[in-house]
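All remarks here apply to the structure that follows.
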């Protein structure tokens, strides 16, 4: 497949992720009459919405910013944390007039949350009928063959994404089509229609999308089909937040604490953590090359000047720790001297399932390691527990983390933030409260400050997620995953902030990024992911 075709398909994948994120928001606004209000008032402020509708201001700010990221609204900040003016665009008129489609697809989210169970259940005829109705709606929407780049095209890809995203994740995690993909062989469909009704309908959908082609009465994945099936992990993180999106009416207009209720066995209810770890683990490999460069530099220094080990806060499934150990072992001077200078491997995570997953990954790789409970918001307790349980000094470790600082538990800043200079365009909330961007930046400064002493000797290596300005996202639909990130994280009290704002907050906390090791993805203009090696200064 040539580069241009891959780029086009990647653009569709990104718009699929947008749709998974947007569907519940647009449907909820539609059901409350807010989409109609916007259509009738093409210039309004968020305070107009808050005064007319009983809603949680923080999440409403997130919701309206998502519409701005699609180019449906233009957004003008009047006063940070107080008021924002919105102007309806021509694109927004067209998009909001399709809101009833989003509502229809939103009602299927409870099924999509558990689609992995229904795929292989022979008793799902009623669900198959619902699924078929949505396929028919999709075909109806596409009846006029909307041009790529049109609002109708965007809407079509959004709704398509909500259907195929959870399906691709379920198929990827079960490896159901693995043999057909690896061997490029025909798909075994014998009796599938009778025994697995949902799977039969999925095959029909894939044929409609031209992901499956029929030759000599046999079914094969097309080149496009293989592209999407083999990238199922790219959908994993966004799809894992379907439980959050399913609660959108409550988040926007009800109890803002609904996401934080635990299941009877103590598990999170706002995210499928196992799926989330699976999806994010697949993403790590994209950024390993730059991280490898940093690791080899550090562990090629004189042996007596190196960290005693690597401590990964938020270790997830252990993929990153395993990789870093192997880089040190196979590519550095330290690796040649592990007998005399053993490398301590520490995995810390707040989540029990993640700690277990990391332990399994490292055990299978035969890597000696220690796993510990850790909270990124409380490095002092983490350091104390590490000392007590394993006799290790956090100061002597290279501290690393991936996609975690934005997931710190929020606390109000201890210092005044009113004079803080902050040019972030983000929308931030904590339990429904609208957090002013200046306040969020001060919180980040204090967060970095709490880590300063622990990383003062060997530094802090961070792989982090970011937002970009909504008008920039709107100009680059299909070229950025910013909308998906903003939705999954904005509604679950996570704080992805622009790269430059993060770097400014780190500087104020006494942490400076080494320029030669900084990397921005996909590029400097649309940077939604960064790699930084921070060094402490007094």
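The values are calculated or read from the model by the stated rules, or taken from the named source; none is laboratory data. Small disclaimer: the values here were computed from a predicted structure and weren't measured. Please note: Cβ atoms are built from the backbone with ideal geometry, for glycine as well, and neighbour counts cover all protein chains shown.
Going through 193, 254, 225 one at a time, which residue ends up being assigned by TED's automatic domain parsing to the domain that holds residue 141 and at pLDDT 90 or above?
225
Do we have any residue at all in the range 96-104 that's in a helix (DSSP H, G or I), on the phi < 0 side of the Ramachandran plot, out of contact with any helix residue (DSSP H, G or I) (no Cβ under 9 Å at 6 or more places or on another chain) and surrounded by fewer than 17 Cβ atoms within 10 Å (Cβ to Cβ)?
no
How do the strands (runs of 3 or more DSSP E) wholly within the range 319-413 filter down when requiring 3 or more residues that are under 24 Å from the mean Cα position of the chain (by Cα): which remain?
Numbers: elements: 344-349, 370-373, 397-402.
Per the criteria, 344-349, 397-402.
With the requirement that a residue be more than 22 Å from the chain's Cα centre (by Cα) and part of a helix (DSSP H, G or I), what does the range 429-447 give you?
Step one: of the range 429-447, the residues more than 22 Å from the chain's Cα centre (by Cα) are 436, 438-439, 442, 445-446.
Once the filter is applied, which keeps residues that are more than 22 Å from the chain's Cα centre (by Cα) and part of a helix (DSSP H, G or I), the range 429-447 yields 438, 439, 442, 445, 446.
Please verify whether residue 76 is free of Cβ contacts under 8 Å to residues at least 12 places away in the same chain and either more than 16 Å from residue 249 (Cβ to Cβ) or not in a helix (DSSP H, G or I) (or both), treating the condition exactly as stated.
Working: free of Cβ contacts under 8 Å to residues at least 12 places away in the same chain: yes; either more than 16 Å from residue 249 (Cβ to Cβ) or not in a helix (DSSP H, G or I) (or both): yes.
Yes.
Could you grab me the full set of residues in the range 476-526 that are in contact with a strand residue (DSSP E or B) (Cβ under 7 Å, 6 or more places away or on another chain), within 25 Å of residue 17 (Cα to Cα) and part of a loop (DSSP other than H, G, I, E, B)?
493, 495, 496, 526
Would you check if residue 229 is more than 17 Å from residue 485 (Cβ to Cβ), surrounded by 18 or more Cβ atoms within 10 Å (Cβ to Cβ) and touching a strand residue (DSSP E or B) at 6+ places or on another chain (Cβ under 6 Å)?
no
Among the listed residues 54, 48, which satisfies the condition of being in a helix (DSSP H, G or I) and not assigned by TED's automatic domain parsing to the domain that holds residue 231? Walk me through it before giving the result.
Numbers: 54 fails: in a helix (DSSP H, G or I).
Of the residues listed, the single one that is in a helix (DSSP H, G or I) and not assigned by TED's automatic domain parsing to the domain that holds residue 231 is 48.
Based on this model, can you work out whether residue 364 counts as surrounded by fewer than 17 Cβ atoms within 10 Å (Cβ to Cβ) and closer than 30 Å to residue 268 by Cβ?
In short, yes.
So if I check each of 267, 242, which one is out of contact with any strand residue (DSSP E or B) (no Cβ under 7 Å at 6 or more places or on another chain), surrounded by fewer than 16 Cβ atoms within 10 Å (Cβ to Cβ) and closer than 22 Å to residue 407 by Cβ?
Selected residue: 267, the only one of 267, 242 that is out of contact with any strand residue (DSSP E or B) (no Cβ under 7 Å at 6 or more places or on another chain), surrounded by fewer than 16 Cβ atoms within 10 Å (Cβ to Cβ) and closer than 22 Å to residue 407 by Cβ.
Residues that are in a helix (DSSP H, G or I) and more than 21 Å from the chain's Cα centre (by Cα): does the range 454-462 have at least one?
Yes, because at least one residue in the range 454-462 is in a helix (DSSP H, G or I) and more than 21 Å from the chain's Cα centre (by Cα).
What single numbered condition from (1) farther than 16 Å from residue 102 by Cβ; (2) exposed (fewer than 14 other Cβ atoms within 10 Å of the Cβ) fails to hold for residue 140?
Here residue 140 meets the rest and fails (1).
Quick check: is even one residue across the range 154-169 farther than 21 Å from residue 29 by Cβ, without any contact (Cβ under 8 Å) to a residue 12 or more places away in the chain, in contact with a helix residue (DSSP H, G or I) (Cβ under 9 Å, 6 or more places away or on another chain) and part of a helix (DSSP H, G or I)?
No, the conditions are met nowhere in the range 154-169.
Which residues, counting only those in the range 289-317, are under 21 Å from residue 360 (Cα atoms), out of contact with any helix residue (DSSP H, G or I) (no Cβ under 6 Å at 6 or more places or on another chain) and not in a loop (DSSP other than H, G, I, E, B)?
Listed by number, the residues that qualify are 309, 311, 313.
Quick check on my filter: what residues within the range 105-128 are part of a helix (DSSP H, G or I) and within 19 Å of residue 21 (Cα to Cα)?
105, 106, 109, 110, 111, 112, 113, 115
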